[in-house]
Amino acid sequence: MNDLTSQKLTWKQYLVVASLLFGLFFGAGNLIFPLHLGQLAGANWGSAAIGFLITGVLLPLLSVLAVAITRSEGVYDIGKPLGAGFAIVFMVLIHATIGPLFGTPRTATVSFTVGVAPFVPQNMQTVSLLIFSAVFFGAAFAFSYHENNILSNVGKVLNPLFLALLFLVFVVAFLNPLGNPQTAPITAAYKHSALVNGFLEGYNTMDALAGLAFGVTVVTAVKSMGQKDEKSVSKVVGKSGILAVAAIGLIYLLLILMGAMSLGHFKVSDNGGVAFNQIVNEYGGIFGQALLACLLTITCLTTAVGLVAAFAQDFHKHFPKVSYHTWLFLSCLASFITANIGLDEIIAWSTPMLMFLYPLSMTLIVLSVFSPLFKKDGTVYFFMILFTVVPAFGDMIVAFPNVVSQSQFGLAVASLRDKLPLANMGLSWLLPALVGLGIGLVFYYLKTKRNTLN
């Protein structure tokens, strides 16, 4: 009898894991943000798409590869080279942001606002959201209650249904285009900085953060398929991750194109949810709206399942006195409460956190992927993170609503942050991070040379 560690997965099993990753990554934001980007960029959709694909596809792929290469099981392991204290704080911040505070509640509010709200009278919106979000997170709790069933529930059931519905939308939209994307009007911000704005728009997907957080969920699922040793688990995660993000990238391109084409019939909408609503109603009327409601609810539910499960698994692992099911319940309850604050408030307060956490996550992902080159040396990690965290904090303060950004403290931080290169693009952290990386590598080289001489 072959040892479980030597089992080879079939291509169908790889596709199931890739489907799991796809379902965990692809949520409401992945539908509405690229569509809105296409409307904003117009004829410059190609440059904007390149920027968006860097943060929306390449970074999530690198985050999955970071988990695979470092043989990590979650966010904590990615931050551990900087010490247990930093790793715990980083894990809590990531899970809070993509979990109960912003990301998970958004899965319910977007699916309700775009898919369900058009069917509900205005005076019943608040109560309807309360009921919808209760049912939604009740379903998320049920689907993620048994850890070993997450692979089956998301990878084999919910995800194929979502893809079938989305494929139907694309077929109709591209057989009957609303306009020519090459001649679509371009908004002012995208006339000269389409690539950078597309890059920053990709932050909103939260997928680079989610890739780190989902590590524990995916690793658990792969191990349940008979892959017990770390090397084989890493290989499966890496290969499946490439398949998953390739599919996501293709869908992003089609959505961006669809958004640009829609300008032949509609003006630029307030957000991608409104745009999706308009497009689907144009093609399908009430039937199209019902289809959109199903589409959004399914894709949001798959992401919510992954988010609440990853939250519960990571927190139970590091705070084991509280059971997985209790953490799962707390995550669903907190998400339900936050969801009823409203979509606009969630987006307004999540953007600053993303401006802070994305630079830190990007540097940690890059360091993890290339860690074999410097043997995961903590010195390299320390200097690059140190030089990243300060300007990233400035970007966060500037991005907060006026109650923070226009306060005396906020204006003082902004005046210092504005002196850094690329600050006007929201990338004030980039050059300092590279300087920190250079300093860290020099210290690592000198230490290695000294050890060799000794």
*Semi-axes, largest first, in whole Å: what does sqrt of 5 times each Cα gyration tensor eigenvalue give for the range 206-314?*
35, 16, 12
*If only Cα atoms are counted, what is the Rg of the range 1-132, and what is its Dmax, in Å?*
19.8, 65
_Tell me the Rg and the Dmax, in Å, that the Cα atoms of the chain produce._
21.9, 77
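Would you mind getting the Kirkwood hydrodynamic radius of the range 278-434 from its Cα pairs, rounded to one decimal in Å?
19.1 Å
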*asked:* Take H325 and A142, extend 7 Å from each Cα along the Cα→Cβ direction, and tell me the distance between the two endpoints in nm.
replied: 1.6 nm
*asked:* Output needed: percent of Cα pairs per 5 Å distance bin for the range 341-454, bins running from 0 to the one holding the longest distance.
replied: 2, 12, 18, 18, 14, 12, 9, 6, 4, 2, 1, 0, 0
*Pull out the extension gain between E282 and Y14, defined as 0.36 nm times the separation in residues minus the alpha carbon to alpha carbon distance; nm, one decimal.*
92.7 nm
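Structure shown: which of K80/K235; K191/K267; K317/K375; K239/K376; K191/K419; K12/K239 lie over 19 Å apart, alpha-carbon to alpha-carbon?
K80/K235; K317/K375; K239/K376; K191/K419
Taking the Cα centre of the chain as the origin, how large is its charge dipole in debye, to the nearest 20, when only Lys and Arg (+1) and Asp and Glu (-1) carry charge on their Cβ atoms? Walk me through the intermediate numbers first.
On the way: 22 positive and 16 negative charges, 243 e Å.
Magnitude of the dipole: close to 1160 debye.
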*Find the accessible area per residue for the chain; the probe is 1.4 Å, ligands and nucleic acids are left out, and the unit is Å².*
42 Å²
*Among rounded, prolate and oblate, which fits the range 276-317 when a ≥ b ≥ c are the square roots of the eigenvalues of its C-alpha gyration tensor, a/c under 1.5 means rounded, and a/b larger than b/c means prolate?*
prolate
*Carbon plus sulfur fraction of accessible area for the chain, probe 1.4 Å, in percent*: 68 percent
_Can you classify the range 69-143 as rounded, prolate or oblate using the Cα gyration tensor, where a ≥ b ≥ c are the square roots of its eigenvalues, rounded means a/c under 1.5, and otherwise it's prolate if a/b beats b/c and oblate if not?_
prolate
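Can you compute the FRET efficiency between N451 and F370 using 1/(1 + (r/R0)^6), with r the Cβ-Cβ distance and R0 = 25 Å? Round to the nearest 0.05. Could the numbers behind the result be given before it?
Working: r = 21 Å, r/R0 = 0.82.
According to the calculation, E is roughly 0.75.
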*Given Y445, G138, M384, which one lies farthest toward the positive end of the charge dipole of the chain, if we put +1 on the Cβ of every Lys and Arg and -1 on the Cβ of every Asp and Glu?*
Y445
*Please go through the range 354-454 and write out the trypsin sites (Lys or Arg not before Pro) that DSSP classes as loop and that have at most 11 other C-beta atoms within 10 Å.*
K375, K419
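The values are calculated or read from the model by the stated rules, or taken from the named source; none is laboratory data. Keep in mind the model is a prediction, meaning the values are calculated, not measured. No Cβ is skipped: glycine too gets one built from the backbone with ideal geometry, and neighbour counts run over all protein chains shown. Keep in mind that these areas ignore ligands, DNA and RNA; they rest on the heavy atoms of the full protein, side chains included. Shrake-Rupley method; radii C 1.70, N 1.55, O 1.52, S 1.80 Å.
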